[in-house]
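Worksheet for the structure shown next.
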Amino acid sequence: MSSTADITAAPEKRRQGIRWGELAPFIALAVIVILGALINSNFLSANNLLNVVTRSAFIAIIAVGATFVIASGGLDLSVGSMMAFVTGIMIMSMNAMVPALGNWAILAGAGVALVVGSLCGLLNGVIVTVGKIEPFIVTLGTMGIFRAFITFLSDGGSIPIDRSLREAYRPVYFGDFLGIPYPVLMTIVVIAVGSFLLYRTKYGRRVTAAGSSDDVARFSGVHVGRVRTMAFVIQGFCVAVAAICYVPRLGAATPTTGQLWELQVITAVVIGGTLLRGGKGRILGSVAGALILEVIANVMVLSDMVSEYLVAAVQGAIIIIAMLAHRFTNAR
Amino acid sequence: MNAAVHALAETTALPVLRAEGLAKAYGPITVLKDVTLDIRPGEVHAIIGENGAGKSTLMRLLSGHARPTAGHLEMDGTRVDFADSVQAEAAGVVLVHQEILLAPDLTVAQNLFLGRELTRGLMVDDRAMNRRTAEVLARVGANAHPADIVSDMPLAQQQLIQIARALLDDRKVVILDEPTAMLANEEVEALIGVVDTLRSQGVAVLYISHRLEEVEQLADRVTVLRDGEMIGTWPASELDQRQMAELMVGRELSMLYPPKRGLSSAAPLLVVKDLSVDHGKVEASFEVRPGEVLGIGGMIGAGRTELIEGLMGLRPSHAGSIQVNGTTIARPSVEAMMHAGLVYLTEDRKGKGLLLRERLAPNLTLQALDSVSPGIMLDRAGETRALREAVEEYDIRVRALTLEAGQLSGGNQQKLLLAKVMMTDPSVVIIDEPTRGIDIGNKSEIYKFIDALVQAGKACVVISSELPELVGLADRVLVMRGGRFVAELTGEEITEQKVVYAAASSRDRTGGRAIA
Ligand SMILES: Nc1ncnc2c1ncn2[C@@H]1O[C@H](COP(=O)(O)OP(=O)(O)OP(=O)(O)O)[C@@H](O)[C@H]1O
Ligand SMILES: [Mg+2]
């Protein structure tokens, strides 16, 4: 039926075909939203939706970073503890700088957070690449270390932010610009920058190359270690951005801040279509994954069919279903 | 045009496997059409054709690894429909893939029995598995121990392990897709012995190879595919190598090897002094001059690939000094070498050469990314342009530019890999097994390419296990044995016998690390 002559000039037909596998997380999100609307009419209220999206911002922002790490062939289990640690350091430095800087302490503290977060990521990355140790093990270790540090710094209690800063800092979580909450704006910025880095730059190309095959990348002159370390740094930076948006919400860092977030983040990334074995990263998918998790929690709270204590169970089931769906859409 | 299928004495034998009007399309792309083929018990049936002709596809259809879009299979006269390769294997049809598909971190025995482990009670019976593994390894002439870890072995040994795996159980049809592409002469001899034994036991062997001398020597019948179509089946005795080649490409062929260039006396482009790789396992010094093709010969495991990987900083190595194009390289790395003008094309295109799940353009530009996209951003348009040019220049047969590298036929992957390293505009090119899996027409293209390269004042180092290639191509040959260069041959001295003689020492026939 098709001629095999002059094959190289064949039009690039495949591009037009809809790639269902890539759309899956968005379709799933739409389905869950529709279900939510059917279950409880309050679900679709602007207020509730904004709330859900705002709350999902933290996981979404961290998941963008995790997309880099996972696409490059790594894994970071320490993001939850790192988040708590960065939050603690940030609040402590803001408090320390209040007398000298007044409200500017917020900006300075945010700067400190970004530096500390990036350094935490660098630590993970260097141990993984220079020490040549499985990222799973390394970040399992640093997960414990960061968690212990925040517990130590807070003496088992909490590190509250200075009263004088509350008012000025509040809008970063609760405020909005043209009706869009700041955390959501922040997420959009992170998505835009992340997508640019991953899809448009040479660095992004090298991330996927290193993730698809360590050997091929090495044999092609790619500095696999550097590329991977950088992915961990990006992850740490994203954690710091999330921490900056998160602090005004609760006003303190505690030993339970960010607990189990690593699971939510990895779940978001995986249901978003990024492969755990590396080599492909889907930033928007990861964000859709974060939204899915938050919407499910919200729908369960709004409806009284299932106890909200089971939220984690449902989220756990989702990751398994997502992987099964992936298996079937990919089977040729 | 279905050429006459010649009547042979044994035509009366009922075919053990029969393909009837077999076709395969991937989406809109038809890669195989209307193949009707009889496979008889006790015959060695060679399938030949150009790269991308559809040989591997046909074999996958016969062995349940892919399902036909039209046509069907018959075994012993009854229609069969293999849902997957497990069913095909149960029916006695097994395919040994062109590419290595083994679990790299498991032992040889664990790989052979993967999924069908022998047990005693609840426990796996390692002793029995190791014993049977040792038996079958001996049968295929593999120099390995059942407890060796696969990833530690040279590719050739891994290939033999794959073959051993297929022969573990009794088979009716054994399909070997380019089994000898990675083997050196000695292993090829052993493999031919195995095939002979299978034939005498009444097993049908389907045999794909681009080495036509093997086909001539081994096959009873030969089927030729061209562009997904079956050209015909002939008794092997009626065809010589030249006729086979011309049936494959559909035109007359010119000389295979370009004329030699003679010795060069210009200042060397590459000077390597006292390079020691893997803590002394391989040690060598050598030079390459502009305008010459330096061949490196030796048996599998002699350390040729290790030498070059060490030179490129891809293995632990230490050198007295390395100079490329007059630049001294203090710490060798692929990147430093590339900037100085030296590139290396690996023998392991699947494992180390190409990202199989990526599209063609990212693969092509991965190494030369900085020159294709000088800024921090990717130049997508530039990449597509580069791909079109490469497809044109290297005659890469792709049916769509958006395919993934893993969807190209083996030979076309090799051409893509060549295009990839040439993107960096090197002055010294080291090619490990340049024509592995490449058909005869393209072989002569690659030889012409190498010739043009050195004519332009560049230099080329060729590592090859194919003796005729080494002898036909090189102006100078260094022979490696046991990690050391043991002979240098030039001009008239370069003959197959001399290379073999130097490569095989009386004391230690394997020379390398094959025996643990
Ligand atoms: N999954 C796929 N999707 C699209 N095209 C494919 C796919 N797999 C193979 N092809 C195409 O089918 C054609 C035949 O490939 P095949 O591997 O059978 O060739 P071959 O004769 O074995 O070549 P070689 O000698 O290079 O190994 C090639 O053009 C290849 O690009
Ligand atoms: Mg093939």
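Just so you know, all these numbers are worked out from the coordinates, no wet-lab data involved. The structure displayed is predicted, hence computed values, not measured ones. Neighbour counts run over all protein chains shown; Cβ positions are idealised from the backbone, glycine included.
Structure notes:
- Counts of other chain beta carbons within 10 angstrom of each beta carbon in peptide B:21-33 average 2.
- Considering only chain B, percent of DSSP beta bridges that pair antiparallel, nearest 5: 55 percent
- Across chain A, the mean sequence separation of Cα contacts (distance under 8 Å, 6 or more residues apart), normalised by length, yields a relative contact order of 33 percent.
- With 20 Å bins beginning at zero, the pair-distance distribution over Cα atoms of the protein assembly as shown amounts to 14, 40, 32, 13, 1, 0 %.
- For segment A:132-233, the Stokes-Einstein estimate of translational diffusion at 10 °C and a viscosity of 1.306 mPa s comes to 90 µm²/s, using the Kirkwood hydrodynamic radius over alpha-carbon pairs.
- Amide H contacts of residue A:279 (H built 1.01 Å from N, under 5 Å, at least 5 apart or other chain): A:72, A:73, A:211, A:212
- Under 5 Å between amide hydrogens, built in the peptide plane, is the criterion, and for residue B:476 it picks out B:293, B:295 among residues at least 5 positions away or on other chains.
- Cut-off of 10 Å, at most 16 other beta carbons, DSSP loop: longest stretch of chain B lacking such GluC sites (Glu not before Pro): B:253-516
- Cα-only Debye scattering, chain B: base-10 log of I(q)/I(0) at q = 0.07, 0.09, 0.13 Å⁻¹: -0.40, -0.66, -1.37
- Against the compact-protein benchmark of 2.2 N^0.38 Å, the Cα-based radius of gyration of segment B:102-169 scales to 1.01.
- MRE, 222 nm, helices only [DSSP H, n ≥ 4, -39500 (n - 2.57), over chain B, to nearest 500]: -9000 deg cm²/dmol
- Residues B:40, B:79, A:249, sorted so that the one with the fewest Cβ neighbours within 10 Å comes first: B:79, A:249, B:40
- For segment A:24-331, a simple Cβ point-charge model (Lys and Arg +1, Asp and Glu -1, everything else neutral) yields a dipole of about 880 debye relative to the Cα centre.
- Each residue in A:232, A:26, B:82 was given a count of other beta-carbon atoms within 10 angstrom of its own, and listing them fewest first yields A:26, B:82, A:232.
- Nearest-ten-degree value, helix A:182-195 long axis tilted from longest Cα axis of chain A: 40 degrees
- Per-residue average of Cβ from other chains inside 10 Å of A:219-228: 6
- Within the protein assembly as shown, DSSP assigns beta bridges of which about 60% are antiparallel (rounded to the nearest 5).
- Taking every full run of DSSP H in chain B, none both stretches at least 27 Å from end to end by Cα along its long axis and averages -0.5 or higher on the Kyte-Doolittle scale.
- Subset of A:132/A:202; A:280/B:415; B:415/B:498 violating a 27 Å alpha-carbon distance limit: B:415/B:498
- Global geometry of segment A:24-331, whether rounded, prolate or oblate, following the gyration tensor of its Cα atoms and the 1.5 cut on a/c: oblate
- The fewest-to-most ranking of A:106, A:150, A:27 by surrounding Cβ atoms within 10 Å reads A:27, A:106, A:150.
- Segment B:176-258: antiparallel DSSP beta bridges as a percent of all, rounded to 5: 75 percent
- Cross-link pairs B:420/B:443; B:24/B:443; B:420/B:448; B:352/B:420 - those with Cα-Cα distance over 23 Å: B:24/B:443
- Cα long-axis angle, helix A:46-71 against chain A (0 to 90 degrees, to the nearest 10): 60 degrees
- Rounded to 10°, Cα long-axis angle of helix A:311-330 versus longest principal axis of chain A: 20 degrees
- Here the Gaussian network model covers chain A, with springs between Cα atoms less than 10 Å apart; of A:101, A:178, A:260, A:178 fluctuates the most.
- Neighbourhood net charge (14 Å Cβ-Cβ; Lys/Arg +1, Asp/Glu -1) for residue B:133: 0
- Taking label points 7 Å from Cα along the Cα-to-Cβ direction, residue A:47 and residue B:274 give a separation of 8.2 nm.
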